[in-house]
Amino acid sequence: IHNNGKKKVQLKGFKVKDNTGYTYTFGSYTIGAGKTVKLRTGKGKNVAGTVYWNRGSYVWNNTGDKARLINPNGKLQDSCSWKKSTPANQGKKNCH
């Protein structure tokens, strides 16, 4: 998630959701202006710039999926979608 704004943003209560309905809800996390935070679905310890969903299984589908960022009021703030993994994209998609 990248903050394109000129002010820091508190992400507490924001959600990231996929097509299946898997949902990650941010705890208290402030993202600075012009900064990025990576949300990793696996297990790990949160550090500056990276937070972990701590799931034991995959969330994002290589056959296509859509990541949605939803604010605490339930309004869609942004989304990013992709289609099937190919040799050219190697299953990678940067949503910036």
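The values are calculated or read from the model by the stated rules, or taken from the named source; none is laboratory data. Values in this document were obtained by computation on a predicted structure and should not be read as measured data. We place every Cβ from the backbone using ideal geometry, glycine too, and count neighbours over all the protein chains shown. Note: areas computed on protein heavy atoms with side chains; ligands, DNA, RNA excluded. Shrake-Rupley method; radii C 1.70, N 1.55, O 1.52, S 1.80 Å.
Being open to solvent by 70 Å² or more (accessible area, probe 1.4 Å), in contact (Cβ under 8 Å) with a residue 40 or more places away in the chain and not hydroxyl-bearing (Ser, Thr, Tyr) narrows it down to one of LYS12, LYS38, so name that one. Can you show your working first?
Numbers: LYS38 fails: in contact (Cβ under 8 Å) with a residue 40 or more places away in the chain.
Only one candidate qualifies: LYS12.
Give the residue that is farthest from ASN4 (Cα to Cα), with candidates limited to residues of segment 55-76 that are modelled with pLDDT under 95 and open to solvent by 70 Å² or more (accessible area, probe 1.4 Å).
Once the filter is applied, the top-ranked residue is GLY56.
Kindly indicate which of ASN19, ASN4 is modelled with pLDDT under 95, loosely packed, with under 13 Cβ neighbours inside 10 Å and under 15 Å from ASP78 (Cα atoms). Talk me through it step by step, then tell me what you get.
On the way: ASN19 fails: loosely packed, with under 13 Cβ neighbours inside 10 Å.
Being modelled with pLDDT under 95, loosely packed, with under 13 Cβ neighbours inside 10 Å and under 15 Å from ASP78 (Cα atoms) holds for just one of ASN19, ASN4, which is ASN4.
Has segment 4-11 got at least one residue that is part of a loop (DSSP other than H, G, I, E, B), on the phi > 0 side of the Ramachandran plot and not aliphatic (A, V, I, L, M)?
Keep residues of segment 4-11 that are part of a loop (DSSP other than H, G, I, E, B), which gives 4-8, 11.
Checking the rest, the ones that are also on the phi > 0 side of the Ramachandran plot come to none.
Within segment 4-11, not a single residue is part of a loop (DSSP other than H, G, I, E, B), on the phi > 0 side of the Ramachandran plot and not aliphatic (A, V, I, L, M).
Please work out if LYS83 is over 15 Å from the mean Cα position of the chain (by Cα), at pLDDT below 95 and basic (Lys, Arg). Outline the logic, then answer.
On the way: over 15 Å from the mean Cα position of the chain (by Cα): yes; at pLDDT below 95: yes; basic (Lys, Arg): yes.
Yes: the conditions hold for LYS83.
Going through segment 59-96 one residue at a time, which ones are over 19 Å from THR25 (Cβ atoms) and either aromatic (Phe, Trp, Tyr) or assigned to a strand (DSSP E or B) (or both)?
Once the filter is applied, which keeps residues that are over 19 Å from THR25 (Cβ atoms) and either aromatic (Phe, Trp, Tyr) or assigned to a strand (DSSP E or B) (or both), segment 59-96 yields GLY64, SER81, TRP82, LYS83.
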